[in-house]
Structures are given as C-alpha cells and as structure tokens.
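The values are calculated or read from the model by the stated rules, or taken from the named source; none is laboratory data. This one's a predicted model, so the numbers in the text were calculated from it and none came from an experiment. All Cβ positions, even for glycine, are placed from backbone atoms using ideal geometry, and neighbour counts span all protein chains on display. Each accessible area value is taken on the protein alone, full model and side chains, heavy atoms only, with ligands, DNA and RNA left out. Shrake-Rupley method; radii C 1.70, N 1.55, O 1.52, S 1.80 Å.
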Amino acid sequence: MEQAQDNSKYSELTGEVSAVIYRSPESGFTVASLIDAQGAAHSFCGTFPDISPGQPVKLRGVWENTNYGLRLKVAEFEYVLPTTREGIERFLGSGMIPGVGPKLAKNIVDYFGDRTLEILDTKPGRLREIEKIGAKKADKIIAGWRGAADNRRQFIFFQGLGLTPKFSRKLLDFYGGNAAQTVRANPYKLADDIDGVGFLKADRIAESLGVAKESPARLLAGIVFCVNSLTALGHTCYPRTKLLEEAATLLTAAPEKLEEPLRLAIAARQLMEADGMVYPMKLYRAERELPKHLNRLMTAGDFAAKKMAGIAPEAGLSLNQQQLAAVSTAAESPVSIITGGPGVGKTTVLGELVRRARAAKINVALAAPTGRAAKRLAEATGLAAKTIHRLLVFDPASGGFMHDAFNPLDCEMLILDEASMLDLPLALALFQSLKSGCAAVLVGDADQLPSVGPGTVLASLIASGKFPVTRLTEVFRQSAASLIVSNAHRVNAGMPPVEPPRGAAHSDFYWIKQSDPEKVVELIGKLMMERIPSTFGFTPKRDIQILAPMNRGSCGANRLNRLMQEKLNGNPRTPGFRRGDGMFKAGDKVMQLRNDYDKAVFNGDLGEISAIDFKEHAFTVSFDGGERAVAYDFEEADQLALAYAVTVHKSQGCEFPAVILPLLSQHYMMLQRNLLYTAMTRARKLLVLIGGEDSVAMAVRNFRQAPRFGNLTAALQEKNH
C-alpha cells in the first residue's frame, strides 16, 4: 500500500460528516465520509470518540491509497460546531443525543433557530417551552447534550496535551467523565492504571500541564518506574544506593531528594526493601514464596514418581551412565534437574522418562516456555506438550491462571524442558500449581542465556545445592560429527570455533570471515536468497532464520528485517498497512513481543500475517505452522515485529533448520560467550557464522556476565523453608 503523499506533509479537511461507514466499538477506529464547503465528498479514517452524520469536524492527516480508494488517514482532529440552521438540525438529529431524532431536532431548531446550540449550552431548561417536550423528556435531552459536550471538551483538552485520539479514547473509557480531572490532578496515575502508559509518557503529559520537576508525585512515580525498568533487564531487585543513583540520572534530581519518595513508595507497598535491596512488591513476594512451594514438594512423604524405580530401561535402548543417573534420580527425588549442552542425549532421557512414567501409570504433564519448544518436546516423547501459559490456563476474568495453589494441576509428574528460560514470576505460578506428591523434572542448558524475564531461576536452583543435578557432558558419536555441536562445546569451553576441512563435502557449519558491515549485509541477502536454498534446499522464509546480537546498528535485526522484507515479500501489489516508520504486509514473518493472555499469544511466538481486512481495519496472524489464527486490530500491531531477523535473546526456546549469525565489532556491547553459545545451539542443520576473528574472539573470551541482582539462591537455602 503506497501513500499518495509524503508522511511529513499533512493535509487538512474541514466539513460535515456525511456518513459513518464502519466503527469498531472496542477501539473507536472509524471509517467515515465528509462533505466539505464546496460540496465535495471525501473518505477518512482514524480513532475518534463518537461521531455522527451532521457533525462538523476539522481533520489533519496523510492521504493514502487503499483498496477502497483515496482516504485521509487522520492524525489530529477537532470538533467544529455547526453554524447554519440546516447544519444544526442534522447535527442534533444524527442520533448523538438519546431520544432526539430528525423530527424532534427539526422542532427544536424551528423554535430556537440559529441560537439552538447556545440555548442548549446556557439555558437548556427552555426546552420545556417546546410543545410535546415535557419535563422528563427535556431532562433526558439535557443530560445527553451535556454528556456529549463533556466528551468533546475532554478530547479537546487531551489533544492540547499532544495525546493521540486513540489514547484519548482509552482515557475516557477508563476514567469516564472524570478523565480530564484525573489527568490534571496526577498525570502519573496513568502509569499505574492504563496499559501501555509508562512513566516517560506520563512525564511528558505532566510537563505539558506544567508539573514541577521536583513534584513529589513525579519523584515517587520515577522511583517506581526506575525499579520496574531494572527488572525488565532481568534484575529481581537492585541495591538501594545504586537505585538512587540511577533514579537521580533519570529524574535530574539529587539522590538525597529521592530518599523521601522512596520511603513513600515502600510505605504504599509499591516497593519493598530488604537487606539493602529494593524490589517491586510482586517480585519480593515471588522470591519468598517460590522456595516454600519447592520445599513443600521436596518434603512430601510420598510422591508418584517413585513407582518408576522398578521399571527397566527400554529394550535395545543404549543409555550411558549419566543418562541412567538422570532417569533414576527422577524416581528418587520429588524435584530434580537435568542439564547439558547440545548432543549429550537430553532428548533420549526425556523419551525414557515419559516411557517409564506411562509404564508406571503415572499421570505426566509435559511443558516448555515457548510453543516451539513444546512442539519439539511432544515430538521427542510422543506425548502432548503445552506451553506453561496454556498448561496453567489464563483466566481473563481474574487476570491470573486458573490453575494455582487452590486449583492445582491434575498431574503426578511434570517434565519441564528449556528450563533456563523460566523467569521468577512464571516459576512461582508453575510450582504453586503442583500438588504435594507431584514430582518435577527440570531439563535445560544452564550455560545458555538467562531468561528474558526477571531472575535466574535454573541457575539459582542449581547453585542452592538443595536439588539433585545430573550433568550430561558426554557428546554422542553421531552428534560429535556435527560441527555445530562440537563448535558449540568449544565456545562454551572458551575456545574459538573451527572451520570444516578444506575440500570437505557439505558441512553443517561455515564461518565467513568478513568484518565490513555493508558487505556482511550483502552476504546475508545472497545467503538467504540464493546460496543456502540452492545448496541445501532450505526455503528462505520458513527454514532460514537470521539471528542478530542486537536490534540496533547497520547489521542489527531492525535493518535486516527491512531489507529481508523487501527481498522476500517486496511485491508492491501485496496488501499491507503502515505502522510507525515501517509496514506490515500479508505474508510477513512476525514475532509477538509481549504476552497477550486474551489472545493466548506470548512473548516470542512466531507467526505469519495470513490476511488483512482494510474495511475492518484488522489483520490475522497464523501461529503454530498455520494451526491457530489470531485476529488483531491495526492499532494492536505494536505487539508484533518483523521476524526475518530476531535477536539471540528472542530466539531462546526455538530451533531453526538453518541460522545465519552476523557477529561484528558494532555488536561489542553484546559480545559474550553465552550469547554466541546460545545462538549456535539454535541451529539444527546448518549454521553460517559471519564475522571477523577479532569479534568472535571477543565473544569467546567474555565469559563474565553482567550481574543480575536477586536473592533466590539465598532464599532457597534458608532453613525455615
């Protein structure tokens, strides 16, 4: 979909709404037509409060060509009251006021003339002068007029603050008639109440309202925002002194000025301080409660998995001593951990665990943090597996999971794969849903990147020494022949990867030593479009995944996505819609960026845009290989990003037939051993590493991870649990 004019050149339209063609009651997105002063008809769309035929409006936006013709995509609008008798009559009779139709509107305008709107604003009681309008009817009309007028005034107020129509409507829907008053009183309340509003947006609104930089409300909200921002980086808590320094930089205030706001936030139980660390209250509770549930499972007098102890290995299945120990330990301990890198037989152990559990008639549940990991787990074991979110079943009415401590899962044994991805809140939700006597087996690679969410759950469980851990280290002969596997282990041991021998037949690992970012970008395009498909038969969009250390930069995921979209989905006739500076098109590969429990799609889910409906201003994404279709409004597109290239962090829990991995000096902030190791283990059949020896060496040497602050290990070791 190409635009008729440059985005930066806004056009203006003024006239009366002639028809409302479509309106979404949920989002307020509207498609309507307008007649201007010259009598010409125009189509426009945008997110508005209620508008009706006859309503005069002033619109500013960008013209765009759509399947339905030329249309103004509105960025700003304002109501304009009609001035002519005919306009006033159409306006009142449009249905905007309950009980007032065209006939009654004509009677009112016939009586008051072109002063009708002035009378309704200043002396509405005079409606009773009109024959056939009694006191009850007049009161209803007055209430409807005042309600509509109040909404208009509030929208005008919000627009004066620079807020978008969609966001203004969200405020009205949430706060009702008190929306403007609430925003004036404390704009920082929006960060707590409205989804998608953070401190920074609330701070911009406060600045527009003239709120002082050292306002107590601002400093308190800034402290809370700072703590939550740090947990978004993986921290469960943060040292008090460091927090005050971070918040002082954010708020441009002296650290000592923040002592009192911090005290107030703790008193209001928005934050918690313990042992010199400051937590969001939710994470403090999770860190204290998770050890209690793990201890409850560990101290159960009996557990069903014991019944596996007498079951012999499957005939003909060869298990080494480490694998046998992993299976045996699951029958000896209510909670056990199996960890190891690629090619060490974790999949074989999972299959044997499930076989023995079923032979012992144990009701076993299989779960993983992501859909792709759950699918692999099901393929490895022959038993259905679910994501943790789907296993626990989100309940939109309560905002929590249906399965919890009061309604536990109906299983006697839980096997969780890709446990390194488990963050603290999800770990608590999972373990509190297991009834006493249920066994839990956690399987994962402790050397991979930690979870995207806060905490280091798997590492903390291992470090606590409270749970038996089986480490699988023996690489099987078949896997050892894979350069992907052997090089991943070399990197994990602090050695650089090796290249295939000269003259060797096809390998599953290649290292192209190129350091120039623009040449690397060109190489990626050729590999994606020509060399890999022709040599290995992989389909570019379906089988080949670009992994980048970071989003930004000339060789970051953002730029690579735009370039690959053009190469793989660049037909100008393919329908698409703009979102910000980019575009989504039918057939695009996309990734969900945050959990949406109502849609049952979660952070990291990969899908493809399968349909776009311009009339409904909506589109559909197919997930799970086309097995599940999820509907989105255009306005919800910020939940998604193009996924021809994704960051290594976002790829956790996924495996791809072929991976292209650029590793350059511009990625220096992210060049760490566990990132390179994690990226390498995402490739199943082919890995192409592109980067200079210096960049790869830097990543291999850098095994010191940035600290994640948290006290789960200590909490697990406390005796009172």
Among (1) buried (at least 18 other Cβ atoms within 10 Å of the Cβ); (2) under 25 Å from G177 (Cα atoms); (3) among the hydrophobic types (A, V, I, L, M, F, W, C) - the single one V80 does not satisfy: (1)
Wholly within the stretch 170-231, helices (runs of 4 or more DSSP H) carrying at least 1 residues that are open to solvent by 50 Å² or more (accessible area, probe 1.4 Å) and farther than 29 Å from G710 by Cα: 179-185, 199-208
V393 vs. criteria aliphatic (A, V, I, L, M), closer than 21 Å to S433 by Cα and surrounded by 21 or more Cβ atoms within 10 Å (Cβ to Cβ): no
Residue match in the stretch 41-53 (condition: free of Cβ contacts under 8 Å to residues at least 24 places away in the same chain, within 12 Å of V17 (Cα to Cα), of a type outside the set (V, I, T) and open to solvent by 30 Å² or more (accessible area, probe 1.4 Å)): yes
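Check T347, T370, T387 and return the single one that is without any contact (Cβ under 8 Å) to a residue 40 or more places away in the chain and either farther than 22 Å from A325 by Cα or more than 24 Å from the chain's Cα centre (by Cα) (or both). Steps first, answer last, please.
Details: T370 fails: without any contact (Cβ under 8 Å) to a residue 40 or more places away in the chain; T387 fails: without any contact (Cβ under 8 Å) to a residue 40 or more places away in the chain.
Among T347, T370, T387, only T347 is without any contact (Cβ under 8 Å) to a residue 40 or more places away in the chain and either farther than 22 Å from A325 by Cα or more than 24 Å from the chain's Cα centre (by Cα) (or both).
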The stretch 355-369: number of residues that are open to solvent by less than 20 Å² (accessible area, probe 1.4 Å) and out of contact with any helix residue (DSSP H, G or I) (no Cβ under 7 Å at 6 or more places or on another chain): 0
Scope the stretch 424-477; condition on the phi > 0 side of the Ramachandran plot and open to solvent by 30 Å² or more (accessible area, probe 1.4 Å); matching residues: G465
Members of the stretch 639-657 that are under 23 Å from P575 (Cα atoms) and in contact (Cβ under 8 Å) with a residue 60 or more places away in the chain: A641, L642, A643, Y644, A645
Hits in the stretch 1-40 (condition: crowded, with 16+ Cβ neighbours inside 10 Å, closer than 30 Å to E566 by Cβ and modelled with pLDDT of 85 or more): V31
Matching residues in the stretch 502-511 - criterion: being open to solvent by 60 Å² or more (accessible area, probe 1.4 Å) and in contact (Cβ under 8 Å) with a residue 60 or more places away in the chain: Y510
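Answer yes if at least one residue in the stretch 295-305 is part of a helix (DSSP H, G or I) and open to solvent by 70 Å² or more (accessible area, probe 1.4 Å), and no otherwise.
no
Which residue out of L527, L547 is under 29 Å from the mean Cα position of the chain (by Cα) and buried (at least 18 other Cβ atoms within 10 Å of the Cβ)?
Values: L527 fails: under 29 Å from the mean Cα position of the chain (by Cα).
That would be L547, the only listed residue that is under 29 Å from the mean Cα position of the chain (by Cα) and buried (at least 18 other Cβ atoms within 10 Å of the Cβ).
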Residue under evaluation A488, criteria (1) under 31 Å from the mean Cα position of the chain (by Cα); (2) open to solvent by 40 Å² or more (accessible area, probe 1.4 Å), criterion not met: (2)
Residues located in the stretch 350-374, provided they are β-branched (V, I, T) and outside any loop (DSSP other than H, G, I, E, B): V354, V364
Where a residue in the stretch 61-82 is under 30 Å from G113 (Cβ atoms) and its partner, wherever it lies, is part of a strand (DSSP E or B) and open to solvent by 30 Å² or more (accessible area, probe 1.4 Å), with Cβ under 6 Å and at least six apart: E78/K58; V80/K58
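Considering every residue within the stretch 612-619, establish whether at least one is touching a Lys or Arg at 6+ places or on another chain (Cβ under 9 Å) and of a type outside the set (K, R). Before the answer, list the steps.
Step one: of the stretch 612-619, the residues touching a Lys or Arg at 6+ places or on another chain (Cβ under 9 Å) are 612.
Filter once more, so that each one left must be of a type outside the set (K, R): 612.
The answer is yes; a qualifying residue exists.
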Within the stretch 602-721, helices (runs of 4 or more DSSP H) holding 3 or more residues that are open to solvent by 10 Å² or more (accessible area, probe 1.4 Å) and in contact with a helix residue (DSSP H, G or I) (Cβ under 9 Å, 6 or more places away or on another chain): 693-701, 712-717
Near pairs, Cβ below 8 angstrom, 6+ apart or cross-chain, from the stretch 696-716 (over 13 Å from G455 (Cα atoms) and of a type in the set (F, W, Y)) to any residue that is modelled with pLDDT of 90 or more and open to solvent by 40 Å² or more (accessible area, probe 1.4 Å): F703/Q672; F703/R673
Those residues of the stretch 491-501 which are in contact (Cβ under 8 Å) with a residue 60 or more places away in the chain and either open to solvent by 60 Å² or more (accessible area, probe 1.4 Å) or among the aliphatic types (A, V, I, L, M) (or both), in sequence order: V491, M495, P496
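Suppose the filter is of a type in the set (D, E), open to solvent by 10 Å² or more (accessible area, probe 1.4 Å) and touching a Phe, Trp or Tyr at 6+ places or on another chain (Cβ under 9 Å); does E273 pass it?
On the way: of a type in the set (D, E): yes; open to solvent by 10 Å² or more (accessible area, probe 1.4 Å): yes; touching a Phe, Trp or Tyr at 6+ places or on another chain (Cβ under 9 Å): yes.
Spelling it out, E273 is indeed of a type in the set (D, E), open to solvent by 10 Å² or more (accessible area, probe 1.4 Å) and touching a Phe, Trp or Tyr at 6+ places or on another chain (Cβ under 9 Å).
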Cβ-Cβ under 9 Å pairs, at least 6 apart or on other chains, the stretch 87-102 side over 15 Å from S18 (Cα atoms), far side assigned to a loop (DSSP other than H, G, I, E, B) and at pLDDT 70 or above: V100/G93; G101/G93
Condition met for L264 (part of a helix (DSSP H, G or I) and either open to solvent by 70 Å² or more (accessible area, probe 1.4 Å) or among the aliphatic types (A, V, I, L, M) (or both)): yes
Selection from the stretch 443-478 of residues that are out of contact with any Asp or Glu (no Cβ under 8 Å at 6 or more places or on another chain) and among the polar types (S, T, N, Q): Q448, T456, S460, S464, T470, T473, Q478
